[in-house]
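As structure tokens, the structure follows; a few thoughts come after it.
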Amino acid sequence: MTKPQAKDPLMQPLTIRGLTLKNRVMSTSHASAMDDNNMPALRYQRYYEEKAKGGLALTMFGGSSNIAPDSPSVFNQLNAGTDEIIPYFQEFAERIHQHGTALMC
Ligand SMILES: Cc1cc2nc3c(=O)[nH]c(=O)nc-3n(C[C@H](O)[C@H](O)[C@H](O)COP(=O)(O)O)c2cc1C
């Protein structure tokens, strides 16, 4: 018997340019304040991973991340204005991709 979700439009894949999302369920951006010194370390990643395990196709992270040095963190945002964040992003992406979930910041 066909599972009910097989016909649910919300559960159908969606391709945007080269990226195919496995369904139309996403988590929108918010400041989780789970960073460590403005880096997305283990606690931050695991928070997003738990949501990915729930079946999200896309997870937005980062809240209002910082880039410019004259616009510093005021509520525990990520600092994406330094290369120090790159290894965190790599580990984070691998962790979330394991669940078939895409990320955007
Ligand atoms: C960069 C960015 C940061 C956001 N940060 C928060 C946040 O910290 N808390 C929050 O409730 N919503 C935040 N939002 C808004 C939510 O992601 C979401 O769009 C909003 O709650 C509306 O949800 P709805 O479209 O389901 O009604 C943020 C949105 C963006 C684009």
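The values are calculated or read from the model by the stated rules, or taken from the named source; none is laboratory data. Keep in mind that what you see is a predicted model, and the values were worked out from it rather than measured. Note: ideal-geometry Cβ built from the backbone for every residue, glycine included; neighbour counts use all protein chains shown.
Brief remarks on what is shown
- Looking across Asn66, Asn76, one residue alone is more than 12 Å from the chain's Cα centre (by Cα) and at positive phi. It is Asn76.
- Scanning region 4-34 for residues that are hydrophobic (A, V, I, L, M, F, W, C), within 16 Å of the ligand (Cβ to nearest atom) and outside any loop (DSSP other than H, G, I, E, B) gives Leu10, Met26.
- Residue list for region 55-100, filter: of a type outside the set (S, T, N, Q), within 28 Å of Pro13 (Cβ to Cβ), in contact with a strand residue (DSSP E or B) (Cβ under 9 Å, 6 or more places away or on another chain) and within 16 Å of the ligand (Cβ to nearest atom): Leu56, Ala57, Leu58, Met60, Phe61, Gly62
- Residues (hydroxyl-bearing (Ser, Thr, Tyr) and either part of a helix (DSSP H, G or I) or in contact (Cβ under 8 Å) with a residue 24 or more places away in the chain (or both)) located in region 63-91: Ser64, Ser65, Ser73, Tyr88
- Phe89 satisfies every condition listed in (1) surrounded by 15 or more Cβ atoms within 10 Å (Cβ to Cβ); (2) at pLDDT below 95 except (2).
- Selected residue (only one of Glu49, Glu94 is under 10 Å from the mean Cα position of the chain (by Cα) and either of a type in the set (Ser, Thr, Tyr) or not in a loop (DSSP other than H, G, I, E, B) (or both)): Glu49
- Candidates Ala33, Ala52, Ala102: the one that is touching a Leu at 6+ places or on another chain (Cβ under 8 Å) and small (Gly, Ala, Ser) is Ala102.
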